[in-house]
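This report concerns only the one structure given below.
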Amino acid sequence: MCGRFVSSSPPDELAKYFDVEAVAESVLEPSFNVAPSRDIYVVVKTGGLRRLETFRWGLVPFWAKDPATGNKMINARAESIAEKNAYKRAFTKRRCIIPADGFYEWKKVPGQKAKQPYFIHRTDGEPLAFAGLWEIWRPDDDVDRTSDPLRSCTIITGQPNEKIAEIHDRMPVMLPPSAWDSWLDPENDDLEALGKLLVPAPASLLEVHPVSRAVNNVRDDGPELIEPAPDDAAQERLL
């Protein structure tokens, strides 16, 4: 799964990198410890334009009774998005890219209760392009659709590459630039072809290093969280 990630790039840089044509007015504070239910940047295509928007992380299906449903839907498994009620409509009509400067995963350490967190990022420092889904939600009593809708999203996860498999059994799906047009196009209904895009990123694309357990606390935030720290598992092997 992907339960925390880094979003530190300013929106103008993201807009340039993802070649967007319209940028949301709201600007988010940089975060080195983005947690579920936070607003995050997403790249979508609506009205014929590629846009950088801000959506809530944790997909709220249109049929949900309460937005809290999204707290359990921060990730969607690539293997089942075409069948699950929570995701199949979004997979057909509302696909997005979630930019990230890196993400965290936790590994079990033999003989220790606490897991060791790792920071994972691109070797060249460029943003990651997580494959995502998004939805629009309104409360049942808004029959006239007069309130602002809640736009929310989820990160698609799939099988890990050989590097991430040493830490965790799943990883976010990362789309190469060659796949962005097809993935974002709401008119593209070739679900079989889209499903073939949901494969592990090459291990050579990513670097991994252990970081402080301070990242475990959602209230901790700052660039120090991604600084390398001793790998407890490696230390254990030396003893």
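Every number in this text was worked out from the coordinates using simple rules, so none of it is lab data. This is a predicted model, so every value here is computed, not measured. Here the Cβ is made from the backbone with ideal geometry for all residues, glycine too, and neighbour counts use every protein chain on show.
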Alpha-carbon radius of gyration plus Dmax, which is the widest Cα pair, for the chain in Å: 18.0, 67
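Suppose only helical runs count, i.e. DSSP H with n ≥ 4. What mean residue ellipticity at 222 nm does that imply for the chain under -39500 (n - 2.57) per run, divided by all residues and rounded to the nearest 500 deg cm²/dmol?
Details: 5 runs with 33 residues, N = 239.
It lands at -3500 deg cm²/dmol.
I need the trypsin sites (Lys or Arg not before Pro) found in the stretch 108-209, filtered to DSSP loop residues with at most 13 other beta carbons within 10 Å of theirs. Can you show the working numbers first?
Values: sites: LYS108, LYS113, LYS115, ARG122, ARG145, ARG151, LYS163, ARG170, LYS196; in loops: LYS108, LYS113, LYS115, ARG145, LYS163, ARG170, LYS196.
Of the trypsin sites (Lys or Arg not before Pro), the ones in loops of the stretch 108-209 whose Cβ has at most 13 other Cβ atoms within 10 Å are LYS108, LYS113, ARG145, LYS196.
What full-extension length gain, to one decimal in nm, is calculated for ASP148 and LYS65 as 0.36 nm per residue of separation minus the Cα-Cα distance? Could you put the intermediate results ahead of the total?
Numbers: separation 83, 0.36 × 83 = 29.88 nm, distance 1.63 nm.
Gain on extension, ASP148 to LYS65, equals 28.3 nm.
Are there any chymotrypsin sites (Phe, Trp or Tyr not before Pro) in the stretch 53-157 that are in a DSSP loop and have at most 16 other Cβ atoms within 10 Å? List them by number.
Details: sites: PHE55, TRP57, PHE62, TRP63, TYR87, PHE91, PHE103, TYR104, TRP106, TYR118, PHE119, PHE130, TRP134, TRP137; in loops: PHE62, TRP63, TYR87.
Of the chymotrypsin sites (Phe, Trp or Tyr not before Pro), the ones in loops of the stretch 53-157 whose Cβ has at most 16 other Cβ atoms within 10 Å are PHE62, TRP63.
What translational diffusion coefficient, to the nearest whole µm²/s, does the stretch 1-108 have by Stokes-Einstein, given a Kirkwood radius computed over alpha-carbon pairs, a temperature of 37 °C and 0.692 mPa s viscosity? Don't skip to the end; give the middle numbers.
Details: Rh = 14.9 Å.
D, rounded to a whole number, is 220 µm²/s.
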Table column - 3J(HN,Hα) (Hz), the stretch 154-170, Karplus curve with 6.51, -1.76, 1.60, x for Gly and Pro: 9, 9, 7, 10, x, 5, x, 7, 5, 6, 6, 4, 6, 10, 8, 8, 9
Linear extension gain, THR123 paired with ASP181, 0.36 nm per residue minus alpha-carbon span: 18.5 nm
DSSP-defined antiparallel bridges as percent of all bridges, the chain, nearest 5: 85 percent
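Determine the relative contact order of the chain: mean sequence separation of Cα pairs under 8 Å and six or more apart, normalised by residue count, in whole percent.
Relative contact order comes out at 22 percent.
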Long-range amide H partners of THR157 with built H, under 5 Å: ALA76, ARG77, ALA78, VAL173
Dipole of the chain, positive direction: furthest Cα of ALA86, PRO210, SER26, with charges on the beta-carbon: ALA86
